[in-house]
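Notes for the one structure printed next.
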Amino acid sequence: MTTHPPGAGGRAARTARRHVARALVLGLALVAAPIGGTVAGAAPAHRPPADLGPHVTVFDPSMPVSRIQAVLDATHARQVDNEMGTQRYAYLFKPGTYGTAEQPLQIKVGYYTEIAGLGASPTDVVINGKVEVYNRCLADGGTGNCIALVNFWRTLSNLSINVNAAGQDDCRSSANFWAVSQAVSVRRVAVTGGTLSLMDYCTAGPQYASGGFIADSKLPATTNGSQQQWLTRNSEVAGWSNAVWNQVFSGVVGAPDDAAFPDPPYTTLATTPVSREKPYLFVDARGRYAVRVPAAARNTRGTSWAGGLTPGRTIPLTDFHVAKPSDSVRTINRELARGKHLLLTPGVYDVDRSIHVRRPDTVVLGLGHATLTAVDGAVPLDVAGVPGVVVAGVTVDAGTTESPVLVRVGRKHGRNASTPANPLTLSDIYFRVGGPHVGRTDTALEVNADHVLIDHTWVWRGDHGVEGFTEGVNGDTDRWRTNTGRYGAVINGDDVTATGLFVEHFQRHNTVWNGERGTTVLYQNELPYDPPTQADWMNGDVRGWAGYKVGDHVRRHTLHGGGVYVFNQNNPSIHTENGFEVPETPGVRLRHIMTVNLSAGTIDHVVNGVGGPADTNAVGAPVYLAEYPVR
């Protein structure tokens with residue numbers, strides 16, 4: 001057992017084997033569990049207002065720690081391996097302190113679980129103990145092949161953790177562990193009294209982790225460890241150690257300097273160009289539930305709550321339609337048309353026609369990874385290009401009949417009226433094309449409106465799942481034709497900003513950026529694993545499709561910190577000409593970009609024929625460019 005985090009040097013090469021571990025997930029039996037937030041035989045936890053439903057549990061500090069611990073332990077046991085299940089949970093803590101020095105509250109967070117405080121400030125809820133995610137061990141009866149590569153879909157927000165490891169062994173007591181990968185966010189969290197580790201170095205190897213997101217948080221000394229890519233935005237950090245491929249800091253007090261890039265591979269922006277923190281549910285001094293909607297800001301640094309209440313507006317919960325998975329789209333649209341905001345309680349919603357968000361300043365907030373699944377080729381979410389709309393905390397799944405798009409923002413040919421001062425905002429929006437079932441879409445996310453902020457998204461065409469994926473001798477030979485998604489994110493609007501854009505495995509360009517004056521702060525992409533032949537992976541006469549494509553007509557565009565990875569496991573002879581393709585013009589600038597080989601296939605160049613190949617001669621060793629055009 002490793003008791004100290006290893007250095008990053010040898011780990012980068014070993015990370016290329018991460019995908020072998022992912023494949024083992026296919027053989028795991030998922031845990032079936034009843035929906036609910038209590039433990040059989042235990043007194044029920046407090047419930048929120050009745051209209052939040054059975055999937056949301058509210059704790060208050062008067063409850064015995066043992067009772068809260070039992071509820072959370074039971075849910076973790078159900079969810080720790082439930083990667084493709086339908087259960088969804090939100091656990092909310094009223095203002096106060098939970099756990100003591102002698103009896104800390106040790107929270108372990110599994111799939112589709114949200115842990116959040118209900119204070120107006122993160123300091124209003126204090127967990128004396130830990131809130132953690134460990135590696136999943138996928139071999140040898142749960143003792144070997146321990147990784148965080150598939151630790152997706154969980155949320156932590158709006159509370160303070162006073163790290164207390166009483167009762168844990170020496171290794172576990174060394175940090176608060178948050179070993180996660182994509183579709184996991186940490187927001188409005190303060191960690192004190194210990195250290196934070198973004199890898200779990202206490203289990204058997206290989207301990208790989210694939211990336212994540214922290215915003216609006218105050219962090220202690222933090223060990224990055226095996227994390228391949230990570231975005232920390234508008235936060236404070238006491239220290240940061242280790243890096244693998246692509247670590248980005250934007251508006252972070254205490255961020256490491258990036259002058260030595262790529263050794264270490266840090267990318268640091270002094271301020272964040274456009275930001276708006278995610279809305280959060282809270283309880284006011286009179287016990288009434290409301291949603292705080294932070295205001296948009298420009299060129300910001302540090303947390304939004306350091307000087308008091310986060311600037312913005314408060315909307316009483318009574319102004320929301322609180323939806324359940326049993327609600328019809330017709331009912332939801334009627335309530336939105338009446339001027340209601342929308343709160344999606346945890347669960348899976350079958351969406352057979354578009355949910356239309358048309359009124360300016362409408363808030364759509366999901367709890368517990370509420371999931372919209374397309375039915376009969378529907379577009380699950382259609383958002384008008386109007387000012388101030390915020391959509392946050394929602395997962396959108398493709399269905400078995402192809403949808404033209406899963407989330408559409410604005411119209412290609414129509415009036416789009418979002419504004420710089422009040423941009424339309426998408427926060428923690430996750431997409432799946434396959435995984436729990438076969439999925440089909442032409443495009444996952446289409447943004448046609450101007451002045452849109454995309455603040456953390458994972459747009460994923462599934463590379464593994466529980467059904468509908470046929471494995472052949474050389475890998476997943478049939479998935480290419482059954483689980484289809486051509487484009488991940490297509491950005492047609494002008495003045496769009498993306499902070500934390502993760503897009504993976506689509507069958508043509510993963511991201512196409514056609515709008516002017518676009519800005520991306522951290523881009524992470526894996527090309528598809530499963531093209532059967534080179535002929536299936538051709539863009540006209542060009543071998544392959546770049547992972548990040550800026551339209552040929554675009555004159556101004558900026559990318560800070562980008563990576564494109566290749567793992568052509570079906571056919572290792574396949575080539576991709578460029579990881580990035582951009583127009584040759586002074587106004588289009590890429591800073592700190594890289595390609596890397598994960599053991600199969602080749603990316604011939606980093607961008608536009610510049611940069612050497614990412615091939616099997618240097619597995620796990622990135623090919624970096626500090627800037628493009630090269631000066």
Checklist line | Residues that are at pLDDT below 95 and in contact with a Pro (Cβ under 7 Å, 6 or more places away or on another chain), drawn from region 304-319 | finding: none
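Do the conditions hold for D258, that is, is it farther than 28 Å from H369 by Cα, of a type in the set (D, E) and at pLDDT 95 or above?
Yes: the conditions hold for D258.
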Margin query: Give me the residue from region 161-175 that is of a type outside the set (V, I, T) and buried (at least 23 other Cβ atoms within 10 Å of the Cβ) and, out of that set, nearest to G225 (Cα to Cα).
Written below: A175
Next item on the list: Might you check whether a residue that is crowded, with 19+ Cβ neighbours inside 10 Å and closer than 18 Å to R188 by Cα occurs anywhere in region 61-81?
Entry: no
Notebook entry, point to check: Restricting attention to region 154-170, does a residue exist that is over 19 Å from P220 (Cα atoms) and in contact with a Phe, Trp or Tyr (Cβ under 7 Å, 6 or more places away or on another chain)?
Noted result: yes
Item checked: Those strands (runs of 3 or more DSSP E) lying entirely in region 268-363 with at least 1 residues in contact (Cβ under 8 Å) with a residue 40 or more places away in the chain and either under 28 Å from P61 (Cβ atoms) or in contact with a strand residue (DSSP E or B) (Cβ under 9 Å, 6 or more places away or on another chain) (or both) -> 272-275, 280-283, 289-294, 297-300, 312-316, 320-323, 341-344, 348-351
Item checked: Of all residues in region 115-142 being polar (S, T, N, Q) and outside any loop (DSSP other than H, G, I, E, B), the one that is surrounded by the most Cβ atoms within 10 Å (Cβ to Cβ) -> N128
Next item on the list: Tell me, yes or no, whether region 294-303 has at least one residue that is surrounded by fewer than 18 Cβ atoms within 10 Å (Cβ to Cβ) and either at pLDDT below 95 or touching a Pro at 6+ places or on another chain (Cβ under 6 Å) (or both).
Entry: yes
Check: Can you name every residue in region 185-212 that is out of contact with any Phe, Trp or Tyr (no Cβ under 6 Å at 6 or more places or on another chain), part of a strand (DSSP E or B) and under 21 Å from Y112 (Cβ atoms)?
Finding: V186, R187, R188, V189, A209
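Residue by residue, here is whether (1) under 22 Å from G287 (Cα atoms); (2) touching a His at 6+ places or on another chain (Cβ under 9 Å) holds:
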residue	(1), (2)
V71	no, no
P95	yes, no
I107	no, yes
Y111	no, yes
T123	yes, no
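The values are calculated or read from the model by the stated rules, or taken from the named source; none is laboratory data. Since the model is a prediction, treat every value here as computed from it, not as a measurement. Neighbour counts are summed over all protein chains in view; Cβ atoms, including those assigned to glycine, are modelled from backbone coordinates with ideal geometry.
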